[in-house]
Amino acid sequence: MRLWTPRRRALSVYGLLAVLFIVLTILSQQLIRGARLDLTENHLYTLTQGSEHLLHDLREPITLSFYFSQQASSSEPEVRAYAGRVRELLSEIVARSPSAITLQELDPKPYSVEEDQATEAGLVSVPGERGDPLWFGLHLTNSTDGQASIDFFRSDREPFLEYDVIRLIHQLATPHRPVIGLITSLPMSAINGPSIGDRGERWTLLAELASTYDVKVIPATDNALPDGIAALFIIQPKTLTPALRAAIDRYLTSGGALLLCIDPDAHIAPPASADEVLVGSDQAGSFEPFLTAWGVQFDPAQTVGDWEHALRVGGSNPNQPARHLAFLGLNSESFDHSDAITSSLSVINLATPGHFQFKPTPSLRFTPLISTSRQAGILSHQQLALAESPEKLAAEFKITDQRYVLAARLEGLLPSALPTEAALDATHAQTTTRKPAQVILVADTDFLADPLWLRPSTTPESGPAEAWANNADFVLNALDNLTGMRDLMASRARPVHSRPFTRIEHLRAHADAQLLHDETALQEQLSITESKLIDLQAHRNDPTSLALSADQTHEIADFQQRRWQLRKQLRAVRHELDEHIHHLGSVLKALNVLTIPTLVAISGIGWLWRTRRRRKPLPRS
């Protein structure tokens, strides 16, 4: 009697495998808890190298108190999923710096001590299940009396989750923040005059800067720079005093850092003084000698237009937005991916920007950071001022098949922009040695204003404004880079969670260009025909007759025929565009639906074929 049959042997093996699977599952939950494999394209759920450097060098003990209401969130699966991601990030941060950071999770139930602590920490709650308060925030404390908090983790800030937490840790661990000297002629805050809409509110960008830096506003009438400046941030310089210009020159030639934003036409946020808004005036102002000395050319009478990156704004037809060539939505194709400032940005919006050209200089290196496409060209101030609509502006636009530099990095030994004044300053000549400087140039100032990168909330309940472009990230990245805070910059440079269909956008742009050309031709023919009709009406044989002459009737019939043909062409172009987009969408859908099942089927067939081949008996001899 055979007790150990092949069937029993197979059942035993399967049973042993099942027990082994259960044991391994339990062990994995205990031994490799927190381990994960990030397969996202941009590694969205892995700490950046900059964050790891900051945490590795951290010496100040910091406590992270994570407040989350378990019961009040039981019917909110999206909130609980987001809380899980926050918990994973905090655990990863603690794992990277176990000796300096501790984490405690608190569940602030109604009328509990934890709820009182959350309130004292400045956290806020929202109504949860059965009206109970839902807490979802973070409070940080250091070894002294320093504290910071995220009052509530909002979903729109998830792309910046790592940066928000790392920034607060860096603030608590660093007692002295870098000092940024701000010089501007624009009404960015109540300090300089009325702000956008005369509300006296400062731009959101200033609040972002103040959260990381010690920002000192330097009036253009001052005669010196404050001590301890880590970097200068100069926006649309206009009437700097000679003494302040000399101080800036000394600072830069001795190895300073500068972020300079100048605009040929400050469209969204014009200067505070009305007499400075004159189109065609020298927008470089007091800074023109610096650019000339550095070999940088900036023509304040030229604005750059780009058909490929033109944003849609209100046109002549209120129901159909039109592309405005001077309002640009630049994507990653326009950025220098080898530079840390722009390598991870997704979208930057500019309005009526200028451009830079550089005359090669032995001691300086000029590196473009943001450039247009080759579907770009130059727009004069007269064209912008006289254009009745975006469509009219586009009809007169000439593409030059050239890429224009909108932002650039300039580094090296800067020559003095004021050689005469520097020569007279004997003290400066004796005590200052030339050192390599870093300068970031941007040919636009409108991109700093809220409308070009913030989507305001419609109601107070909808939360704060939401960033829809990386304009502020670019500025903060540039200042981080200039002040040496590159690790913090790396944690901020997370891509926006947006995956646009770039191929479809190119198709639409091409079709819009063709449609606009046909529509312009139709309007011109309509104007010519109407003029002829008026002329025929004025010279008809019988002025008292209301009937149309034969010439008029023929002219109208001819115009109607031409109009019908042009409209047919417009419909054909639109139909071709829709068919192309529909075909592309069908191909993408088929790939998404069929790729994985096809691969699985092929793998299964291959495995079955190999198995049968192995079991096939050998031929008898």
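The values are calculated or read from the model by the stated rules, or taken from the named source; none is laboratory data. Keep in mind that what you see is a predicted model, and the values were worked out from it rather than measured. Using ideal geometry, Cβ is built from the backbone for each residue, glycine included, and neighbour counts are taken over all protein chains shown.
General remarks:
- Residues of the stretch 212-249 that turn out to be more than 30 Å from LEU168 (Cβ to Cβ), in a loop (DSSP other than H, G, I, E, B) and aliphatic (A, V, I, L, M), as a count: 3
- Within the option set PHE397, PHE356, PHE327, being closer than 30 Å to ALA437 by Cα and either in contact with a Leu (Cβ under 7 Å, 6 or more places away or on another chain) or surrounded by 22 or more Cβ atoms within 10 Å (Cβ to Cβ) (or both) holds for one residue only, PHE356.
- Answer residue from the stretch 252-283, given it is within 23 Å of LEU325 (Cα to Cα) and among the small types (Gly, Ala, Ser) and is modelled with the highest pLDDT among those: ALA266
- Between LEU47, LEU11, LEU54, LEU64, the distinction of being assigned to a loop (DSSP other than H, G, I, E, B), surrounded by 11 or more Cβ atoms within 10 Å (Cβ to Cβ) and either touching a Ser or Thr at 6+ places or on another chain (Cβ under 7 Å) or at pLDDT 65 or above (or both) belongs to LEU47 only.
- Scanning the stretch 250-258 finds no residues that are without any contact (Cβ under 8 Å) to a residue 40 or more places away in the chain, surrounded by fewer than 18 Cβ atoms within 10 Å (Cβ to Cβ), in a loop (DSSP other than H, G, I, E, B) and over 31 Å from the mean Cα position of the chain (by Cα).
- Of the residues LEU232, LEU206, LEU182, the single one that is of a type outside the set (Val, Ile, Thr), assigned by TED's automatic domain parsing to the domain that holds ASN481 and at pLDDT below 90 is LEU206.
- Filter result (over 17 Å from ALA443 (Cα atoms) and at pLDDT below 90) within the stretch 325-359: SER332, HIS337, SER338, ASP339, ALA340, SER343, SER344, LEU345, SER346
- Residue within the stretch 104-113 that is among the charged types (D, E, K, R) and under 21 Å from PRO159 (Cα atoms) present: no
- Only residues that are charged (D, E, K, R) and either under 17 Å from VAL94 (Cα atoms) or over 27 Å from the mean Cα position of the chain (by Cα) (or both) were counted across the stretch 131-152, and they come to 2.
- Matching entry among LEU90, LEU103 (being in contact with a helix residue (DSSP H, G or I) (Cβ under 9 Å, 6 or more places away or on another chain) and either assigned to a strand (DSSP E or B) or not assigned by TED's automatic domain parsing to the domain that holds PHE152 (or both)): LEU103
- Subset of the stretch 287-316 (residues that are surrounded by fewer than 21 Cβ atoms within 10 Å (Cβ to Cβ) and closer than 10 Å to PHE327 by Cα): LEU311, ARG312, VAL313
- Residue within the stretch 446-455 that is in a loop (DSSP other than H, G, I, E, B) and at pLDDT below 95 present: yes
- Exactly one residue out of GLU114, GLU92 is touching a residue at least 40 places away in the same chain (Cβ under 8 Å) and out of contact with any strand residue (DSSP E or B) (no Cβ under 9 Å at 6 or more places or on another chain): that is GLU92.
- On the stretch given as the stretch 362-374, residues that are closer than 18 Å to PHE290 by Cα and touching a helix residue (DSSP H, G or I) at 6+ places or on another chain (Cβ under 7 Å) total 1.
- Positions within the stretch 146-169 being of a type in the set (A, V, I, L, M, F, W, C) and in a strand (DSSP E or B), in sequence order: ALA148, ILE150
- Single unsatisfied condition, SER143 versus (1) touching a Pro at 6+ places or on another chain (Cβ under 7 Å); (2) in a helix (DSSP H, G or I); (3) surrounded by fewer than 16 Cβ atoms within 10 Å (Cβ to Cβ): (2)
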